[in-house]
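The values are calculated or read from the model by the stated rules, or taken from the named source; none is laboratory data. Everything quoted here is computed from the prediction, not taken from an experiment. All Cβ positions, glycine included, derive from the backbone under ideal geometry; neighbour counts span all protein chains shown. Accessible surface areas use protein heavy atoms only, side chains included; no ligands, DNA or RNA. Shrake-Rupley method; radii C 1.70, N 1.55, O 1.52, S 1.80 Å.
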Amino acid sequence: MIKFQAVTSSRRSIRLLATDIDGTLLNPQFHISEGDLEALRRAHAAGIEIVLVTGRRHTFALPIAKQLGFNLWLISSNGAVTRSLAGETFHRDMMPRETCLRLVGAMQEFRGNTVLTFDTEVKGAIVIEHLNEMGASIRRWLEKNMASIDFVVPIEKALTRDPVQAMFCGTIARMNQALTALGAAGLDGNVTVLRTEYPARDLLMIDVLNAACSKGHALERWAAHRGYLREEVMAIGDNYNDVEMLEFAGHPVIMGNACQELLDRGWTVTHGNDACGVAVAVGMALETVVSG
């Protein structure tokens, strides 16, 4: 059931609106719906700062960000990199090479599901060993990123510098086994483990980042830098990797297509990504500006 709670009860206007991309801003056809696009442009014109917060690496998120038609900042790779459209870097939180070597060594059974990401624009930004164990549901992503992928065997040879993150991707059943293995890897306190799950595609992606790195930490850092209070921040998301961001925001809004764990949190629920849910949330944010 769709439910809304008025954000106008706050005495403060929304000044910063952070939205996830996949499953949130993008519709099921992987496009920005016209209604969402127009709403974000209205919010920008009204003085609300828009920031995209995504699990995508910066370069892969850029084509989406550029469609909005105004300058903005992107928090990418689940909080590891905060960078402008023009390429100016505000913050990077890389995983130490030594930590990643320990991680890869502990996850030998899943090396066919392992993806390393580096903060570079050239081939080698993404490193895998082979495609044999990459499921059909991730093939679209692989095809779109093929120009950036380097195949390195063993994958440890690619770790000549600190990576942005490691990712394990595959079927939900297989990746639940990987989560168990990660829990026994002895890396607690050294890494952050986030997951993004799409049951309809039988796809689970496990992102392993530096300790205390998340969308929430990055959004909190950016808000402090810009002088925004939590009560002036709205965040919109749909998946497990959005939880920390939604917990930080004074006004958390989740999509109607969100995973059940988020739906059970009691947060404001907007429409699904197939029905311009972002536009509805933006409308609530704009009401606070008008009433303020």
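Do we find a residue being over 30 Å from R15 (Cβ atoms), in a strand (DSSP E or B) and modelled with pLDDT of 95 or more anywhere in region 103-113? No, region 103-113 contains no residue that is over 30 Å from R15 (Cβ atoms), in a strand (DSSP E or B) and modelled with pLDDT of 95 or more.
Of the residues making up region 246-279, those that are assigned to a helix (DSSP H, G or I) and either without any contact (Cβ under 8 Å) to a residue 24 or more places away in the chain or not hydrophobic (A, V, I, L, M, F, W, C) (or both) are E247, Q260, E261, L263, G277. State yes or no: is L194 more than 21 Å from the chain's Cα centre (by Cα), under 24 Å from M245 (Cβ atoms) and open to solvent by less than 20 Å² (accessible area, probe 1.4 Å)? Against the criterion (more than 21 Å from the chain's Cα centre (by Cα), under 24 Å from M245 (Cβ atoms) and open to solvent by less than 20 Å² (accessible area, probe 1.4 Å)), L194 does not qualify. Do you know which of the residues in region 67-102 that are under 29 Å from A178 (Cα atoms) and assigned to a loop (DSSP other than H, G, I, E, B) is farthest from the chain's Cα centre (by Cα)? Within region 67-102, the match that is farthest from the chain's Cα centre (by Cα) is P96. Filtered by the rule that a residue be over 16 Å from the mean Cα position of the chain (by Cα) and surrounded by fewer than 20 Cβ atoms within 10 Å (Cβ to Cβ), region 207-237 gives A211, A224, H225, R226, G227, Y228, L229, R230, E231. Among the numbered conditions (1) under 22 Å from W73 (Cα atoms); (2) in contact with a strand residue (DSSP E or B) (Cβ under 8 Å, 6 or more places away or on another chain); (3) at pLDDT below 95, the only one that V289 does not meet is (2). A single entry from V122, V152 fulfils the requirement of being surrounded by fewer than 18 Cβ atoms within 10 Å (Cβ to Cβ), closer than 19 Å to R57 by Cα and of a type in the set (A, V, I, L, M, F, W, C): V122.
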